[in-house]
1. For the range 204-209, take each phi angle, set θ = phi - 60°, evaluate the Karplus expression 6.51 cos²θ - 1.76 cosθ + 1.60, and give the result in whole Hz per residue in order, putting x for glycine and proline.
2. Which Rg and Dmax, in Å, describe the Cα atoms of the range 248-350?
3. Give me the Kirkwood hydrodynamic radius of the range 128-284, using the inverse of the mean 1/r over all pairs of distinct Cα atoms, in Å to one decimal.
4. If every alpha-carbon in the chain counts as one equal scatterer, what log10 I(q)/I(0) does Debye give at q = 0.10, 0.12, 0.14 1/Å?
5. For the range 360-462, what is the Kirkwood hydrodynamic radius in Å, using each pair of distinct C-alpha atoms?
6. For the range 300-371 and the range 219-246, compute the distance between their C-alpha centroids and round to whole Å.
7. Calculate the spin-label point distance for D257 paired with Q324, positioning each point 7 Å from the Cα along the beta-carbon direction, and give it in nanometres.
8. May I ask for the angle, rounded to the nearest 10°, between helix 276-288 and the longest principal axis of the chain, with both axes built from Cα atoms and the value confined to 0 to 90°?
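Rule-based calculations on the coordinates, nothing more; no lab input. Not measured: the values here are computed from a predicted model. Cβ placement follows ideal geometry from the backbone for every residue including glycine, while neighbour counts extend to all protein chains displayed.
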Amino acid sequence: MSAPAPIIIVGGGIAGLAAALAAAPAPVLVLTRGPGARGAASAMAQGGIAAAIDPGDSPQAHAHDTCVAGSFHNDRAMVDLLTGSAGDAIEWLQRQGVAFDRDADGGLQFGREGGHDRARIVHAGGDASGAKVMEALVAAARSAPHIERRAGLEVDGLVLQGGHVCGVCVTAADGTRAALHGRAVVLATGGIGGLFAQTSNPADADGSGLALALAAGAAARDLEFVQFHPTAMAVHGLHSLPLLTEALRGAGARLQDAEGRSLMEGVHPLADLAPRDVVARRVLQACRDGGAWLDAHRIGAAFPRAFPTVFQACMERGIDPRFQPIPVTPAAHFHMGGIAVDADGATALPGLHAVGEVACNGVHGANRLASNSLLEGVVFGRRLGHLLRALPESGAGTGKFRLLHRKPALQAGEMQRLRALMMDAMGPVRSGDGLQAALRECDALAASGWQAALARELVAAALQRAHSLGAHFRSDDATTALD
Ligand code: SIN
């Protein structure tokens, strides 16, 4: 008798592994591009996980902050699901072995980040939250008998049977190709920061899963909403930049220009803790005017212990952040849009599911609230895993099999051109003229590679939205002014 077809999960970040673990005992095959989960953007997350678990806090207050950050473009039912499940998500993570940071009295420590009306960010290893969470989930997945993991495979096609997705096409590093059959396929491939010249994501967070789903006819939602983190470390010539967590500003760090003048005083009532899009636009302007720096000397001697990841990244580049300001730049950080899904991760294509950053169920609205992304991965990943474990062993499709491949990838030079174009036209400040020009360039490149075809969809969505909303800021919208 042949083995039952597994649930195929493409991507080994927090959403993919949460889904894989929750699907037990159904067999799961997790496919990753790189050598494993270490390269996933989840492992690079610094701030932590927002959860209203302090007795004085409430899921409603967390939901309110989420909707304010998202410019009320959010799907309120998804927001309530997210914030109402946060306590359970933290308990589940602790059961998987995550040791969150605690006070001297043993209680969970809560950090504060921009957009939150109080301290509610649970963190681990100081600013190493993503790494600690991923360490625990990878270990849990390794010891779970229902999960098989295969690394180093590029998923570049889908297998369909009668319009039903029932597998994936993969290419190994040596060029060997194969089709793998599954009872369902889950895309958990992360975001699109790699399409921009500067990103806080790993370079291979390039929208591969989103491009695949769109090529197969899945619906997209809110593609124009891209969040830029205001404080990536400015390192000349580097594409994937070290993140300087917003929690640094929560702990007293301040943005300044070359003369040491505050960048945020007088710009927004919350100054350095203003919404990310406001800070990102101010930092972008300062970078154009001569540079922007984060002065973190107020954190003082506590720096190495409280922010070990940032401390190491600075020291490796000859900057001691206890005494020297750190040069910063905005960087593409998070995609609020993605493959349109419902609360259960179902896409418009039967058999195809999506979860985490690649998906869009409307939870983040037009701008994601800080530290809601790992939470999204756990809450919606587990929900999807529970649902998939009840699926029958063979897919519902009948008839002929059809292989649907994505276009080939762009050449390195074309990719560099595309990244510069996206940073310029689709960055923190956009205009109709810039977007029109970008659309023409993407059209010219689209036949050469799938990344340009995907970028075209993002640019077209941004052109469609003539007014500023959340992270989508149009300088030619007369109703909004530059901060
Ligand atoms: C940060 O630590 O500043 C980023 C956290 C997030 O994007 O939620």
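1. Listing the rounded values in order: 8, 7, 10, x, 4, x Hz.
2. 17.5, 58
3. 19.2 Å
4. -0.70, -1.03, -1.41
5. Taking every pair of different Cα atoms in the range 360-462, averaging 1/r and inverting gives 17.1 Å.
6. So the two Cα centres are separated by 8 Å.
7. The two pseudo-label positions are separated by 2.3 nm.
8. Tilt of helix 276-288: around 60 degrees.
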